[in-house]
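The next block holds one structure in the form of structure tokens; read it before the comments.
What follows draws every value from the coordinates through simple rules; no lab data is involved. Not measured: the values here are computed from a predicted model. So basically every Cβ, Gly included, is an ideal-geometry build from the backbone, and we count neighbours across all protein chains shown.
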């Protein structure tokens, strides 16, 4: 690809995996990141510095248009977002500013700069809880719809913002399911369980543990995003996820425990449960499958590979655990 790709949020979990994949293929990247607690430059430490420049900048701030205008990239991939549901319970305003206003600012900058293609990273949570057949892309309701948490509601609005630019910009919307893998902050469920198990602690599962999420290894998500960058239809949304796998949270926790060398009895049901804890998320992936993409790892393999990485990288996550654990009431 001629010219640098602009990535927002490339110091984050999924964004950094995307940057690493591009750089591995020799693609130069300009990364724009506010460098909040969720960003970590160590995620990109092994990237060839000749292929990467990182600019510290809030995507909702005034400097973005000048930056993108000067770069005029062939592709802009917008990951930057506040993503942690528990944090959104106490600070919804920040989520709406970053996720909604930030997305609008990114897309305005892309229009002004004449960017050829934009990928907006949304989420499967924009649909709200799924009571029946997995959601198809055209079943997203307007506005906040059935989304529950401040995080999900802000992303639902941002998804609408992105689609509203379709007449002015070749924008593609990606709606991935929950991702796991290396470098994910231990405030998130599976890294939290993994780091607790590796420290010999028990693994709390909220409520009755029967909530369903589709868990996708981050490298699979990245491969799907690259397919969308190449072949996704402008103005179209695509669900990304591991089709057909539906495993309740309590069993996921047991998989983590076993991968860490603990027994099933390390997992327990907590007296605490999240307010409005959605029972099930599920999406149809037929649209992206028609482009030739499918996730390659089973959930068992994804969990095992994730836990193995955390076992080998305790020096990274140990300092993050105390603050992450303070978020929780369980």
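Quick notes
- Flag for residue 166 being within 23 Å of residue 283 (Cα to Cα), touching a residue at least 40 places away in the same chain (Cβ under 8 Å) and touching a helix residue (DSSP H, G or I) at 6+ places or on another chain (Cβ under 9 Å): no
- The listed residues are 229, 221, and the only one of them that is buried (at least 22 other Cβ atoms within 10 Å of the Cβ) and outside any strand (DSSP E or B) turns out to be 221.
- Apart from one condition, residue 187 fits all of (1) under 22 Å from residue 226 (Cα atoms); (2) surrounded by 19 or more Cβ atoms within 10 Å (Cβ to Cβ); (3) touching a residue at least 60 places away in the same chain (Cβ under 8 Å); the exception is (1).
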